[in-house]
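The values are calculated or read from the model by the stated rules, or taken from the named source; none is laboratory data. For clarity, every value in this text was computed on a predicted model and none was experimentally measured. Every residue, glycine among them, receives a Cβ derived from its backbone with ideal geometry; neighbour counts consider all protein chains shown.
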Amino acid sequence: MIGYHIAGEVGQRVRIRPRLADSLDKSLSSLASEVGFCAGTIIWVDDEDADGDGVTGDIVQVKWDTGMVSDYKTGFEGQYRLILDNQDIKGKGNRKRDLDADAEEKIIG
């Protein structure tokens, strides 16, 4: 999640967290549906500590591929609305597991 697992940065490609779409809270469900479940790009990160917890970047602004621009919580009062888009993860040091190599590994402990 942006703001929890990874800091929000201008230029990152993001998506609404899937759980928001399934939420019983209608405001969160509509938040996910208003952008059509598409990806977007972070265009602004709040450089102030909006909620007083000692961490900056609590809110980011996203321009969605639909053209819509909105602000989203990325740590503000412990709420996280965004995840990194899978397409943005490719080529950033993540490797696919080699299942043949895993077969030779031993689990200890």
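Taking segment 47-90 on its own, how many of its residues are in a strand (DSSP E or B) and not β-branched (Val, Ile, Thr)? Break it down into steps so the answer makes sense when it comes.
Looking only at segment 47-90, we keep the residues that are in a strand (DSSP E or B), and these are 59-64, 69-74, 80, 82-84.
Now narrow it down to the ones that are not β-branched (Val, Ile, Thr): 61, 63-64, 70-73, 80, 82, 84.
Looking only at that region, the number is 10.
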Problem set entry | Every pair of residues 6+ apart whose Cβ atoms lie under 7 Å, when the first sits in segment 63-75 and is at negative phi and modelled with pLDDT under 90 while the second is assigned to a loop (DSSP other than H, G, I, E, B) and surrounded by 14 or more Cβ atoms within 10 Å (Cβ to Cβ) | Thr66/Val35; Met68/Val35
Exercise. Given the conditions (1) modelled with pLDDT of 90 or more; (2) within 14 Å of the chain's Cα centre (by Cα); (3) small (Gly, Ala, Ser), and given that Gly52 satisfies all but one, which numbered condition is not satisfied?
Worked result: (2)
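For segment 1-46: of the residues being assigned to a loop (DSSP other than H, G, I, E, B), within 12 Å of Thr74 (Cα to Cα) and of a type outside the set (Ser, Thr, Tyr), which is modelled with the lowest pLDDT?
Keep residues of segment 1-46 that are assigned to a loop (DSSP other than H, G, I, E, B), which gives 1, 3-5, 7-12, 17, 22-25, 34-39, 46.
Still in the list and also within 12 Å of Thr74 (Cα to Cα): 1, 3-5, 7-9, 17, 46.
From the residues that got through so far, the ones that are of a type outside the set (Ser, Thr, Tyr) too are 1, 3, 5, 7-9, 17, 46.
Details: Met1: 91, Gly3: 93, His5: 92, Ala7: 93, Gly8: 95, Glu9: 96, Arg17: 84, Asp46: 94.
Per the stated criteria, the residue is Arg17.
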Seminar exercise, completed: Of the candidates Phe76, Phe37, the one satisfying the condition of being aromatic (Phe, Trp, Tyr) and either under 14 Å from Gln12 (Cβ atoms) or surrounded by 14 or more Cβ atoms within 10 Å (Cβ to Cβ) (or both) is Phe76
